[in-house]
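For reference, the structure is listed below as structure tokens.
The values are calculated or read from the model by the stated rules, or taken from the named source; none is laboratory data. Please read all numbers here as calculations on a predicted model, not as lab measurements. Here the Cβ positions follow ideal geometry from the backbone for every residue, glycine too, while neighbour counts run over all protein chains shown. We work out accessible area using only protein heavy atoms, side chains counted, and drop any ligands, DNA or RNA first. Shrake-Rupley method; radii C 1.70, N 1.55, O 1.52, S 1.80 Å.
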Amino acid sequence: MTDPYPLTMGQQFGRRSWAEPWKIKMVEPLRMTSRGERERAIAEAGYNTFLLKSEDVYIDLLTDSGTSAMSDRQWAGMMLGDEAYAGSRNFYNLEDAVRMHYGYKHVLPTHQGRGAEHLISRAAIKQGQYIPGNMYFTTTRLHQELAGGVFVDVIVDEAHDPASRHPFKGDVDLNKLEALVKREGAERIAYVSLAGTVNMAGGQPVSMANLRALRALCDRHGIKIYLDATRMVENAFFIQEREPGWADWSVAAILKEFCNCTDGAWMSAKKDNLVNIGGWLAVNDDELFEELRNLVVVYEGLHTYGGLAGRDMEAMAIGIAESVRDDHIRARIGQVRYLGELLTDWNIPIVQPVGGHAIFLDARRFYPQLAQVKFPAQTLAAELYLDSGIRSMERGIASAGRDPKTGDHYYPKLELTRLTIPRRVYTQAHMDVVAESVKAVHDAREQARGLEIVYEPKYLRFFQARFRRLQD
Ligand SMILES: Cc1ncc(COP(=O)(O)O)c(C=O)c1O
């Protein structure tokens, strides 16, 4: 018998509901489009959601990068921009915030994450060296390759299995790393490139225990660990929630403890740090910092602005302090999880467990009739847009690109479509609309025929590639 009273989501899932620790002060109207308008728009965009115009999008889940809503404090901070060329007071506020919450000694601002990736790759990789990491990220691996390095995936096998419920699918497989060190010699390892959480695996976290064991292994061989801290606050939340012994620690304290076990970090502040543009690079080693401080002048800007306006650095400093608050991160991940619970309830194949920043639809199981060369995840992104104007992103064969040696596609095990949730932007009702649209596309899944690629640029092809719809 059905319950005569509608249940709240909290009641349905046996818990008390939570709500966001903020209220809305300003709104941005959204435009809805007709099916005909969307058909024209996606065809013009070559079936690539990156090439859609934002005004043709209803709910934009392309990325959580630079799409956060800033707080009233951050906007107030923008008015305090000290736009001096050198020595802006906002730089020192940023430096203090990174030192206080991430704990590193030296800090450089960069225009965004890939600016920092470029500098660390140039400074720390010698031609032909290996960079083992817990799964690749597109821009990170490309900068490592452009610096003459070879990326080696040493993530645990569970990360490649979308159905595995392993709580820390971002962990490094220490046996794989040890085998690489034995085979190649420690001097041929530039550093370990560790990401917390792992974007391409579905926003999956690294455990503190794994990091500590990794630290011990690297210390035995004299290898450095550099952290992609882009979503490390989200990672810290998962440690607090899932890893025995950490429940009584604040997210801020866990974050600092984690960073303390690494030698430095690069950051796309457009994610965790709640700003629309910005990044930073931080290291402990004095000599390496000297080199980076020199390089930043060549590629980004003076070491006290690194390609940013003073106001951007101020917003970032305030965003860092807001981002490490337990109530903020609980609501952020809670909203992602809410969408995941709806989809799981409707038997939609998604990566489990739900990660920190996004729901990843498993396009292989969604479209079992499509071979990977027919771009199932790209197809799914296009179909979702056609159904409702929701914009998502491919994270499969198109994103993986081509092997620079053979010229053939990389064939990643994961073929995913990412519904990325911007921070503090959409409501629970928007999540309902998204879930219903995914269900409608799933109901019509047998009609999908896939795509073929008709244009691809040399680097990071997924951003600008164009596709054609296959008829059969
Ligand atoms: C894990 C990770 N690292 C690095 C980057 C690159 O940062 P940015 O886009 O700011 O250049 C991103 C961006 O999506 C990311 O998700």
Per the filter on the range 219-245, residues part of a loop (DSSP other than H, G, I, E, B) and not β-branched (Val, Ile, Thr) are Gly222, Lys224, Ala229, Arg231, Glu243, Pro244, Gly245
Check: In this structure, is Asn273 in a loop (DSSP other than H, G, I, E, B), within 13 Å of the ligand (Cβ to nearest atom) and under 21 Å from Thr140 (Cα atoms)?
Finding: yes
Scanning the range 456-472 for residues that are under 26 Å from the mean Cα position of the chain (by Cα) and either among the polar types (S, T, N, Q) or assigned to a strand (DSSP E or B) (or both) gives Gln464, Arg466, Phe467
Taking first residues from the range 102-115 that are under 20 Å from Tyr459 (Cα atoms) and second residues anywhere that are away from the ligand (no atom under 15 Å from the Cβ) and open to solvent by 10 Å² or more (accessible area, probe 1.4 Å), the pairs with Cβ under 8 Å that are 6 or more apart or on different chains are none
Screening Glu287, Glu243 for residues that are more than 15 Å from the ligand (Cβ to nearest atom), modelled with pLDDT of 95 or more and out of contact with any Pro (no Cβ under 9 Å at 6 or more places or on another chain) leaves only Glu287
Handout entry: Check on Ala216, free of Cβ contacts under 8 Å to residues at least 60 places away in the same chain, hydrophobic (A, V, I, L, M, F, W, C) and not in a loop (DSSP other than H, G, I, E, B)
Key = yes
Per the list (1) surrounded by fewer than 19 Cβ atoms within 10 Å (Cβ to Cβ); (2) at pLDDT 95 or above; (3) under 26 Å from Arg325 (Cβ atoms), residue check on Phe13 breaks on (2)
Residues in the range 63-83 that are under 15 Å from Ala309 (Cβ atoms) and open to solvent by 60 Å² or more (accessible area, probe 1.4 Å) total 4
Hey, any hits in the range 251-266 for a residue that's open to solvent by 10 Å² or more (accessible area, probe 1.4 Å) and among the hydroxyl-bearing types (Ser, Thr, Tyr)? no
Original post:
Residue check: is Met232 more than 16 Å from the ligand (Cβ to nearest atom), at negative phi and modelled with pLDDT of 95 or more?
Top reply: no
Per the filter on the range 84-122, residues within 16 Å of the ligand (Cβ to nearest atom), open to solvent by 30 Å² or more (accessible area, probe 1.4 Å) and part of a helix (DSSP H, G or I) are Arg114, His118, Arg122
Of the residues in the range 354-372, those that are open to solvent by 10 Å² or more (accessible area, probe 1.4 Å) and either closer than 28 Å to Met32 by Cα or of a type in the set (A, V, I, L, M, F, W, C) (or both) come to Val354, Leu370, Ala371
*asked:* Criterion first (touching a helix residue (DSSP H, G or I) at 6+ places or on another chain (Cβ under 6 Å), under 20 Å from Ala97 (Cα atoms) and either among the polar types (S, T, N, Q) or open to solvent by 60 Å² or more (accessible area, probe 1.4 Å) (or both)) does Arg311 satisfy it?
replied: yes
In the set Thr427, Thr417, the lone residue that is within 21 Å of the chain's Cα centre (by Cα), polar (S, T, N, Q) and open to solvent by less than 10 Å² (accessible area, probe 1.4 Å) is Thr417
Restricting the range 373-412 to residues that are touching a Lys or Arg at 6+ places or on another chain (Cβ under 8 Å) and open to solvent by 20 Å² or more (accessible area, probe 1.4 Å), the one farthest from Val351 (Cα to Cα) turns out to be Asp408
